[in-house]
Amino acid sequence: MIETERLILKPLTHDQLLKYIKDDHSLEQEFGLLPTKKNISPSLHDALEETILPNVFDKDKDYLYHTLWTIISKPDHRMVGDICFVGEPDPNGEIEIGYGTYEEFRGKGFMTEAVGRLIEWAKEQPKVKSVFAATTKDNVASYSILEKNNFIHIGEVDDMLSWKIKLK
């Protein structure tokens with residue numbers, strides 16, 4: 001678990017991920033939070049079932065790089081979004097991040113703050129040298145978060161933009 005002034009970023013265990021997928025507010029109950037309306041996209045649901053859950057369950061893998069980290073707003077006592085790494089650092093020390101803010105909490109700076117704090121955490125990890133992210137060209141909110149956290153636009157393919165920040 002890592003924190004900012006307003007946020008708690010909590011990596012979910014295998015059992016907590018199962019509660020997250022159920023979306024029956026049992027996860028919020030476990031954390032002592034108010035219920036939050038999450039919209040688990042089909043692509044996130046598939047990733048949870050096919051990749052995230054098996055990798056988190058695998059004791060040979062560092063689950064912090066495979067699980068969802070829930071983002072909790074301290075003042076609201078609610079989950080406001082999710083952030084994750086897409087696997088452990090590659091041989092060059094690069095990791096990829098992905099994130100999403102629940103609709104009613106967008107535009108409040110939560111994700112900019114969460115990405116910034118997770119980048120600080122990544123800097124402290126010996127194997128991590130850079131962080132990569134991808135956004136669609138039309139997702140201005142998403143790439144604004146990256147720009148505010150000093151990511152550099154490094155390329156584009158079709159409707160996707162690639163972003164990177166070097167840490168070491």
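The values are calculated or read from the model by the stated rules, or taken from the named source; none is laboratory data. This one's a predicted model, so the numbers in the text were calculated from it and none came from an experiment. Backbone-built Cβ (ideal geometry, glycine too); neighbour counts: all protein chains shown. Accessible surface is based on the protein model in full, side chains and every heavy atom, while ligands, DNA and RNA are left aside. Shrake-Rupley method; radii C 1.70, N 1.55, O 1.52, S 1.80 Å.
Identify all residues within the range 154-168 that are open to solvent by 80 Å² or more (accessible area, probe 1.4 Å) and free of Cβ contacts under 8 Å to residues at least 40 places away in the same chain; write none if there are none. If the condition is that a residue be open to solvent by 80 Å² or more (accessible area, probe 1.4 Å) and free of Cβ contacts under 8 Å to residues at least 40 places away in the same chain, then ILE154, GLU156, VAL157, ASP158, ASP159, LYS166 are the ones that fit. The single condition among (1) at pLDDT below 95; (2) touching a helix residue (DSSP H, G or I) at 6+ places or on another chain (Cβ under 8 Å) that SER43 does not satisfy is (2).
Taking every residue in the range 74-91 that is of a type in the set (Phe, Trp, Tyr) and pairing it with any residue that is in a loop (DSSP other than H, G, I, E, B) and buried (at least 19 other Cβ atoms within 10 Å of the Cβ), at least 6 positions away or on another chain, the pairs with Cβ-Cβ distances below 9 Å are PHE85/HIS66; PHE85/THR67. With respect to the conditions (1) out of contact with any Gly (no Cβ under 9 Å at 6 or more places or on another chain); (2) more than 25 Å from LYS38 (Cβ to Cβ); (3) surrounded by fewer than 17 Cβ atoms within 10 Å (Cβ to Cβ), TRP121 falls short on a single one, namely (2).
Residues in the range 80-101 that are touching a Phe, Trp or Tyr at 6+ places or on another chain (Cβ under 7 Å) and buried (at least 20 other Cβ atoms within 10 Å of the Cβ): VAL80, GLY81, ASP82, ILE83, CYS84, PHE85, ILE95, ILE97, THR101. Tally the residues that are open to solvent by 10 Å² or more (accessible area, probe 1.4 Å) and in contact with a strand residue (DSSP E or B) (Cβ under 6 Å, 6 or more places away or on another chain), restricting the search to the range 52-71. Looking only at that region, the number is 2.
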